[in-house]
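Notes for the one structure printed next.
The values are calculated or read from the model by the stated rules, or taken from the named source; none is laboratory data. Since the model is a prediction, treat every value here as computed from it, not as a measurement. Here Cβ is always computed from backbone atoms with ideal geometry, including for glycine, and neighbour counts include all displayed protein chains. These accessible areas exclude ligands, DNA and RNA; they are computed on the full protein's heavy atoms, side chains included. Shrake-Rupley method; radii C 1.70, N 1.55, O 1.52, S 1.80 Å.
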Amino acid sequence: MLRLSFTLSFLLCIALGYGQSPHGKGFDKDCSLCHKTAGWKVDTKTLLFDHDSTSYKLVGQHKSVNCRSCHKSLEFSKIKSECIDCHKDLHETTLGPDCARCHTPKTWIIENISEIHRKSRFPLTGGHQLGDCKACHISGSTRRFDPLSIECVSCHLKTYQATTKPNHQEAGYSEDCLQCHSASSAGWLGANIEHNFFPLTQGHSISCSQCHVNGEFKKISKDCFTCHQKDFNATTTLNHLKLGFSTNCLDCHTTSPKWKPARYTEHDARFFPVYSGRHSQVWNDCTECHKQADNYAIFTCIDCHAHNKTSMDNGHREANGYQYNSIACFTCHPTGGKEGSFNHSQ
């Protein structure tokens, strides 16, 4: 009896192989890989058929689903393999038909949303990494993800309007948040502010309140003197007021802390070449020539040149009206040169 059953099954498989198989044309797998002689019902526990031998490998949760969940028709060649062919689009076409862009067969739960967002128009950085998707992607179903504007103010307009320190609206601040803030920071305050319109470097690396007094954040003049008039007036080492120095601090200073180094290059054109010519790089401080800090009209040449008065006298025997003093040195050598520099008008 058992031999007869095997024979009938064998003959049935042959008959199905000659165009009568319910699985359609081209399906040439051995019937015994799925079916037993006891009947056509498939027992998934004893199934010998390896789905990996097909063009669609079963991974993740696809391994545990019932075959008929996907194979609605017994003609396997008619079964489509795209996610959308089996799974309802819960996102209502707002993300496209390719589920694999975000999901895997392992689970519908998305574990790498930041990585996915990096491929979009709006990478999640800073505080945006901690935000709830639904806070930006607002919809009735909570599953729609319609394209959003990537302009900050599209989401943060209420924050802009409610800010009082400083009051953005009264101050006329731009609604382009990136002019002052960074999307990669965790908050709105502190060092996260992009101050590129006036770089806060070196000596300007200070707290906001030192320039923006009493919480006032209106535009401040970029002219140094606006903030540093007191420094200018209080300087005694070089009395800027008495000496009539320019109020354009950048004529001598950089943004380095404590006003040093200072470089008064106008000295070469107005008075005497110390940054060019023979005196370039042979001195370190103004006080080497200007001994009286409160009067820079007084200067000395002989402190550096010809300490031996005798040798200086001998070198000037032929010089009519020679005198051994700094004023005489400058009168004859107004540019610091040795030859051809006599000023006959003096």
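A search for C-beta distances below 7 Å between a residue of the stretch 20-37 that is surrounded by 13 or more Cβ atoms within 10 Å (Cβ to Cβ) and any residue that is part of a loop (DSSP other than H, G, I, E, B) and polar (S, T, N, Q), counting only pairs 6+ apart in sequence or on different chains, returns F27/S21. Of all residues in the stretch 267-298, exactly one satisfies the criterion of being under 20 Å from T236 (Cα atoms) and touching a helix residue (DSSP H, G or I) at 6+ places or on another chain (Cβ under 6 Å), namely Y296.
Restricting attention to the stretch 131-183, the residues that are of a type in the set (F, W, Y), outside any helix (DSSP H, G or I) and under 27 Å from H117 (Cα atoms) total 1. So is S246 of a type in the set (S, T, Y) and modelled with pLDDT under 90 or not? Yes, satisfied.
Matching residues to (1) open to solvent by less than 50 Å² (accessible area, probe 1.4 Å); (2) over 21 Å from K57 (Cβ atoms); (3) at pLDDT 90 or above:
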| position | (1), (2), (3) |
| --- | --- |
| S69 | no, no, no |
| K80 | no, no, no |
| H91 | yes, yes, yes |
| A100 | no, no, no |
| P105 | no, no, yes |
| E111 | no, yes, no |
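Only residues that are in a helix (DSSP H, G or I) and touching a residue at least 40 places away in the same chain (Cβ under 8 Å) were counted in the stretch 51-105, giving 6.
Evaluated against (1) open to solvent by 40 Å² or more (accessible area, probe 1.4 Å); (2) out of contact with any strand residue (DSSP E or B) (no Cβ under 9 Å at 6 or more places or on another chain), Y173 falls short on exactly one condition, (2). Of everything in the stretch 184-204 that is at pLDDT below 80 and part of a helix (DSSP H, G or I), the residue that is nearest to the chain's Cα centre (by Cα) is N192. Residue count for the stretch 139-170, restricted to those that are among the small types (G, A, S) and either within 26 Å of the chain's Cα centre (by Cα) or modelled with pLDDT of 90 or more (or both): 3. Within the stretch 203-217, the set of residues being at negative phi, among the small types (G, A, S) and open to solvent by less than 50 Å² (accessible area, probe 1.4 Å) comprises just one member, G203. Of all residues in the stretch 268-296, those that are within 14 Å of C252 (Cβ to Cβ) have Cβ atoms under 6 Å from Cβ atoms of residues that are assigned to a loop (DSSP other than H, G, I, E, B) and open to solvent by less than 60 Å² (accessible area, probe 1.4 Å), 6 or more apart or on another chain, in D268/Y275; D268/S276; Y296/H290.
Residues that are surrounded by 12 or more Cβ atoms within 10 Å (Cβ to Cβ) and of a type in the set (D, E, K, R) were ranked within the stretch 218-262; the one that is nearest to F197 (Cα to Cα) is D223.
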